[in-house]
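Below is one structure, written out as structure tokens; comments come after it.
The values are calculated or read from the model by the stated rules, or taken from the named source; none is laboratory data. From a predicted model like this one, the values you see are computed outputs, not experimental measurements. Quick reminder, even Gly has a Cβ in these numbers, built from the backbone with ideal geometry, and neighbours come from all protein chains shown.
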Amino acid sequence: MPNHPFETDVSAYIWDSKYRYRDGEPYEATIQDTWQRVATGVASVESTDAAGWAGHFLDILQDFRFLPGGRILAGAGVPHEVTLFNCFVMGEIEDSMDGIFDALKAGALTMQQGGGVGYDFSTLRPQGVRARRVGGIASGPVSFMRIWDAMCDTLLSTGARRGAMMATLRCDHPDIERYIEAKQHSGALRHFNLSVQVTDAFMEAVKQDTDWPLVFPLRGLHDDVAGDDQIIQRVWSNQRDAEPCRVLRCVQARDLWDRIMRATYAYAEPGVLFVDQINRMNNLGYRERISATNPCGEIPLPPYGACDLGSVNLTRFVRDPFTSRARLDLADIAKTVAVAVRLMDNIIDLSRYPLPAQQDQERGTRRMGLGMTGLADSLIMLGLHYAHDAARQQAAQVMAQICHTAYRTSIDLAREKGTFPCFDKTAYLNSPFVQSLPTDIQQGIAQTGIRNSHLTAIAPTGTISLLANNVSSGLEPVFDFSYRRKILQPDGSYQEYALSDYAWRHWQALQPDEPLPDFFVDAESVSPDDQLQMQAAIQTYVDNAISKTINVPVDYPFAKFKSLYHQAHALGLKGCTTFRPNPVTGEILSAGQAPARHCCSIDREAD
């Protein structure tokens, strides 16, 4: 293998600027040194045969076969106090000045060590109401989000890794309209991605065209707070039991839905989290309630949960590409997944944690999110059109292989190292996702237990896919086959790079004079509905969630746009995010434009 297996300048730049360790000895002269550092560091927690496992880990890292999350690549095996987790969901924000600034401090400490953060701001009183305890007038969740945004700016000015934050708010919070409109001006809350927690009850109210009550828990309101005196029961944020909430006012469900849809149509935010589906399909639904996700949405998490991420690079498993014999080597993928699960499980023991509560949560559940990247390029190399049924079937087949191999490996690890501490066999086996798994996996869990509560997720992988010679990211269609892209530099400036797609380059090397076949399709050629169908095909085998941005043309009709979200809900997806070019967030990856600030661009992604 060459010392620098990079086909593009941008791939070498990504390694050099983000993942190469050079602060002292040993100095990493090549990416082979980086892989060796990671493999040795991750194997160091093995109680027996650490050297042997380091060799196995190195085998899957080489040639970009397996791409661990960026924090693992940058931090495994180095002496600094850094976390190896890309992101965290933070604890509940107590509705008091002490509680708010304690939560701000916890977020700052987490981001200082390299972790992105997600918060549910629904626990904060709506603007203008009085508090029960001190009688003060609330300024509302959006006002406090600006403090978080300023904190992130301040950390960046100290040279910390760029910040990524996710905010969520309930669809029945009285400040929901302010939240929907919070990012409709350039520069507003620019370090946040926003999502609305949408419930099944709200979607039914939209369907039935009924009133929708906006409420807040009685425990947080002064006795004289205005309202219609109607009290209803709601399960609030991360609480597991319903509590009395006062109806402060009512809106038309369809009007509120239309405001959400028009905001995301025009400004690409907020996204939508189908929070009931998230909790219904949660393997740990018996002990936790989720109301937030990591910044790009692929890992819904309870308070203090962490993202342990990694992706199988499917392009490295295509055999005889661009021929009638082209195929994915599923057996080799399974071998790689088995080693990758062990590598990622070791990360949980190796990593530093910014807060003790994060360590308790992650080591109690041993959650991970193993997924794939390079799907679109692999489909092209197999001669499959992204929008066709055969492509979706192939994608589902490979994700099933990843999922089922991961679960079987985790069962084996439980036999060797023990189950995750929060494992409750009966409750875990009764969870809907586990019940959808093959019989042998369910039987294995019943007999042996399982090492990890969750195992699969599809991350955006924007940065690590560029590192791996610009393979298509996650499950996204190829953006374009040849284009220019501005990339943020360490000094805050932007440099433009010429980029070419991995599959396109390899086709050109093999058949430079042949026209591109019709299965060479880019994002503009794949309809929003076909992108949604691909996401749905894969979701069946994902126990966490999927980061997917559905690219929508400028002239896409608003009525059809709204229907995408109804389809996403009906298909059982856990969320939906779209991007339509607009004057605030610009064009994704467009040459000559300001760089995109969208949640899944590499300038926003938490590596």
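Listed values, structure above:
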item: Residues being out of contact with any helix residue (DSSP H, G or I) (no Cβ under 8 Å at 6 or more places or on another chain), modelled with pLDDT of 95 or more and under 21 Å from Ile299 (Cβ atoms) - total across the range 148-186; result: 1
item: Counted residues, the range 40-53 - those being surrounded by fewer than 24 Cβ atoms within 10 Å (Cβ to Cβ) and within 20 Å of Phe85 (Cα to Cα); result: 5
item: Considering residues of the range 187-209 that are more than 18 Å from Met166 (Cβ to Cβ) and either basic (Lys, Arg) or touching a helix residue (DSSP H, G or I) at 6+ places or on another chain (Cβ under 6 Å) (or both) only, the residue surrounded by the fewest Cβ atoms within 10 Å (Cβ to Cβ); result: Asp209
item: Per-region count, the range 62-81, residues in a helix (DSSP H, G or I), closer than 13 Å to Asn469 by Cα and in contact with a strand residue (DSSP E or B) (Cβ under 8 Å, 6 or more places away or on another chain); result: 1
item: Single residue of Thr48, Thr34, Thr40, Thr110 found to be of a type in the set (S, T, N, Q) and not in a helix (DSSP H, G or I); result: Thr48
item: Among the candidates Arg262, Arg240, Arg254, Arg234, residue that is within 30 Å of Gly115 (Cβ to Cβ) and either out of contact with any helix residue (DSSP H, G or I) (no Cβ under 6 Å at 6 or more places or on another chain) or surrounded by fewer than 21 Cβ atoms within 10 Å (Cβ to Cβ) (or both); result: Arg240
item: Only one of Phe64, Phe85 that is in contact with an Asp or Glu (Cβ under 7 Å, 6 or more places away or on another chain) and not aliphatic (A, V, I, L, M); result: Phe85
item: Check on Gly220, over 29 Å from the mean Cα position of the chain (by Cα), within 21 Å of Ser143 (Cα to Cα) and either buried (at least 21 other Cβ atoms within 10 Å of the Cβ) or without any contact (Cβ under 8 Å) to a residue 24 or more places away in the chain (or both); result: yes
item: Residues that are assigned to a helix (DSSP H, G or I), over 17 Å from Ile333 (Cβ atoms) and of a type in the set (S, T, N, Q), drawn from the range 382-435; result: Thr426, Gln435
item: Unique match (being of a type in the set (A, V, I, L, M, F, W, C), surrounded by fewer than 18 Cβ atoms within 10 Å (Cβ to Cβ), closer than 29 Å to Pro300 by Cα and within 22 Å of the chain's Cα centre (by Cα)) among Leu61, Leu109; result: Leu109
